[in-house]
1. So what J values fall out for segment 527-533 if you push phi through Karplus, 6.51 cos²θ - 1.76 cosθ + 1.60 with θ = phi - 60°, rounded to Hz, Gly and Pro as x?
2. For Gln115 paired with Arg709, estimate the spin-label separation in nm (one decimal), with each label point 7 Å from Cα along the Cα-to-Cβ line.
3. For the chain, with only Lys/Arg (+1) and Asp/Glu (-1) charged at the beta-carbon, what is the dipole magnitude about the Cα centre, in debye rounded to 20?
4. Name the cysteines of the chain that stand alone by the Cβ rule: no other cysteine Cβ under 4.7 angstrom.
5. On alpha-carbon atoms, Rg over Rh for the chain using Kirkwood Rh?
6. Compute the length gained on full extension between Glu505 and Arg635: take 0.36 nm times their separation in residues and subtract their Cα-Cα distance, giving the result in nm to one decimal.
7. Could you pull out the pairs from Lys464/Lys599; Lys132/Lys464; Lys34/Lys54; Lys51/Lys132 whose alpha carbons sit more than 20 Å apart here?
8. Just to compare against my own numbers: the Cα pair-distance distribution for segment 588-720, 5 Å bins, whole % per bin, please.
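Each value in this text was obtained by applying a stated rule to the coordinates, not by laboratory testing. Computed from a predicted structure; not experimentally measured. As a convention, Cβ positions derive from the backbone with ideal geometry for all residues, glycine included, and neighbour counts pool all protein chains shown.
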Amino acid sequence: MAETRVVRAVCSHDCPDSCAVLVTVDTASQRAIKVQGDPTHPVTQGFLCGKVAKYLDRVYSPERLLYPMRRRAGVPKGPVGYGGVKGREAEAFERIGWDEALDLIAARLGAIRDQYGPESILPYSYAGTIGKLGFGSMDRRFFHRLGASQLDRTICSEAGGQALTQVYGVRLGVEPQQFAHAGLILAWGANIHGNNIHLWPFVQAARRQGARLVVLDPYRTRTAAAADEHIAVRPGTDGLLALSMMHVILQQGLEDRAYLDRCTHGFAELRAHALLPEHAPEAAARVTGVAADTIERLAVEYATCWRRTGRAAVIRLNYGVQRSENGGTAVRAVAMLPLLTGAWQQLGGGLQLSTSGAFPFANEALQMPGLMHSSPLARPARVVNMSALGHALTELGSRAGDGPPVKALFVYNSNPAAVAPNQNAVLRGLQRDDLFTVVHEQFLTDTADYADVVLPAPTFLETKDVQGAYGHYFVQLSQPAIAPLGEAWSNVRLFAALAKRMGFEESCFAEDEDTLIDQALASGHAWFGGVTRQQLERDGRMEMQLPRAADGSIRPFADASWFRTPSGRGELVPVPVFRAPQESRANATEFPLEFLPRKADNYMNSTFTNTAVHRQMEADTEEVLEISAEDAAARGIQHGDPVEVWNSRGRIVLRAAVTSTVGAGVVAATLDRNRTVGPATGNVNALTSERLTDLGAGATFYSTLVEVRRVVPEPLRAANR
Ligand SMILES: Nc1nc2c(c(=O)[nH]1)N[C@H]1C(S)=C(S)[C@@H](COP(=O)(O)OP(=O)(O)OC[C@H]3O[C@@H](n4cnc5c(=O)[nH]c(N)nc54)[C@H](O)[C@@H]3O)O[C@H]1N2
Ligand SMILES: Nc1nc2c(c(=O)[nH]1)N[C@H]1C(S)=C(S)[C@@H](COP(=O)(O)OP(=O)(O)OC[C@H]3O[C@@H](n4cnc5c(=O)[nH]c(N)nc54)[C@H](O)[C@@H]3O)O[C@H]1N2
Ligand SMILES: [Mo]
């Protein structure tokens, strides 16, 4: 028998579950030979999602980027694909050493800083890893000291996050384990089975005890198909649906007055607002597409669950609702429901959007924003919104007060060429010859197609980090199971080395991973209970030390002590005012169909779109447009026909699947890597806009109008960029 050892790592992908992963390493070859979920972790429960179960296919993929490379002289920026198949990207580049790469980058960034000012340099990163160090530590120090533009990281959760914070003052929610005790579970814009699979066993446990699972989603997800009821609310109308539920609850006197008195602020105003006639079920039905009697029944079932069954009602709200123009207000409205009914008081009752507020890491110490005062700016740098990257790369700097145009883009932990909205603007920007682009990556992504220099990054099997979670309450330490492949350098190592090359002499740039982990944990916050890196190295994880009820559960917002709002209460004001998105059927003219450019169940945004084993799992969704029979018939479209999906921002060509996953007026397709060649290039983000959400200035992927027509599948038209 070969000798092996087992290393405790943490899945660092951008997912609420933050799984504890056991990696088996063959001692002789030092190769990882197996990954499995840690059976002792109360939420991971010994299993991994379909994506990460196949993780070794990603780690050891022959396509891993293993060495620094630079663009060959004379090779234009853009994809080097053929027949729509990727795989020849490497031909655009030539291998160089790390020394040469760092010299080249330091020289170019230095020259650009000197000529245009440091704010002409834009870092672009998101959550390729949500490990604390990998997500934001040495990188931030580096860009702060440089005086680079700051990036407002809004693309995912800012609208919902700010909404939750407005109502509760802190991002906490029901523990996943307590969902097992619920009597009614509303999955609201939450594809639990696809995006958050480790909540599912608790949902199923509750259902075995008689709980009902109701899914509110315009798309019939895997979760909706497995639920007791699917309510296909129209995109962007959740705020009205929640207000209408409040209307019913208040009209029937089903609210919990004692809890409202103790724990909330602004009830009288909310009550008057919710009782307005436009929030009555009949009126709401016309806009939301949910029948009036369904709204009424759902509201009553929700508000009386505890009284009827002795089990609580819980809402799993996910970020689907807030990727919409008025998504912030919608999340505020939904988040007020458990305040009205007092469901937080009961085991398993309340709401979960995020638990990230439970991890008060010492971010200032890690990221050192004060270093901006040591930059040539000697002040905080301007802030650029990542959800408007197309604008930043093509128009910023053209108006007075903008500051300089972006002349250098440093991409890591993200693949903006595929995931950012208004893709054609983004790609036009990336295509610029006068833009110096560095991409630090595990693979030659769609963004790497436009890079001047690419640098190899490790996977979470190859790095050490500490990590919180946004779907549970465990802080975990991830140990490196194997050495970085090839010449991959972690984000910490890269930015420490680059700082040195740029002549930054502060001692903070010499700190190593262990020091950074110590700093991250040393916030002094009671919830960390004084936990040290050494303890986490020994135990792997610790449950955050939040106050607990007598039965050991965390019961956020069960009483007034939990709220962190200015009033110290749950904020019901300003009252949530529903407005239909500009890009929705209510305001449609030229483009009548509401488009859902959704996440794939077996990819992670654009991650995993390059490995054969993962593509196989998504074969059914590849280049498919889901359309209702009604909308297909109206356009003479048959199942399997090639169709063009377009609006004022772009066009893509897909194959029609006539299906009941979407209702009339809604079409859907999944986020995938970009097509490189064919009748139309790009992906679903060719159609999405840079319009921002009402709160948090986030992206509005799910407020997108399009039109669809059948195309004759003959001559390959030239790419339309
Ligand atoms: N398999 C898989 N898992 C993932 C990801 C992935 O790409 N794939 N991505 C990860 C990331 S980055 C995140 S942020 C998390 C969170 O991910 P979620 O917030 O769950 O993300 P979405 O899938 O965007 O949205 C959830 C559901 O909202 C629905 N929806 C869209 N518009 C509306 C609307 O107006 N109203 C309602 N009620 N529903 C609407 C969508 O159809 C979708 O089924 O998931 C993570 N987990
Ligand atoms: N149409 C549409 N667009 C969307 C969404 C949608 O639902 N629909 N979802 C949006 C959401 S919620 C999000 S969060 C964004 C996500 O957008 P991104 O953050 O860009 O997510 P990914 O596509 O997963 O790309 C992450 C990249 O980071 C790399 N990476 C991983 N670990 C490391 C590391 O340690 N170092 C470095 N340097 N790189 C690393 C991976 O190889 C991967 O290519 O996409 C958004 N875009
Ligand atoms: Mo996200």
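1. 5, 7, x, x, 4, 10, 4
2. Placing both labels 7 Å beyond Cα along the Cβ direction yields 4.5 nm.
3. Using only the charged Cβ atoms, the result is roughly 220 debye.
4. Cys15, Cys49, Cys156, Cys263, Cys305, Cys508 - these cysteines have no disulfide-compatible partner (Cβ-Cβ under 4.7 Å) in the chain.
5. On the way: Rg = 25.1 Å, Rh = 26.3 Å.
Using only Cα positions, Rg/Rh for the chain is 0.95.
6. Details: separation 130, 0.36 × 130 = 46.80 nm, distance 6.47 nm.
Extra length from Glu505 to Arg635 when fully extended: 40.3 nm.
7. Lys464/Lys599; Lys51/Lys132
8. Going out from 0 Å in 5 Å bins, segment 588-720 shows 2, 11, 20, 23, 21, 15, 7, 2, 0 percent.
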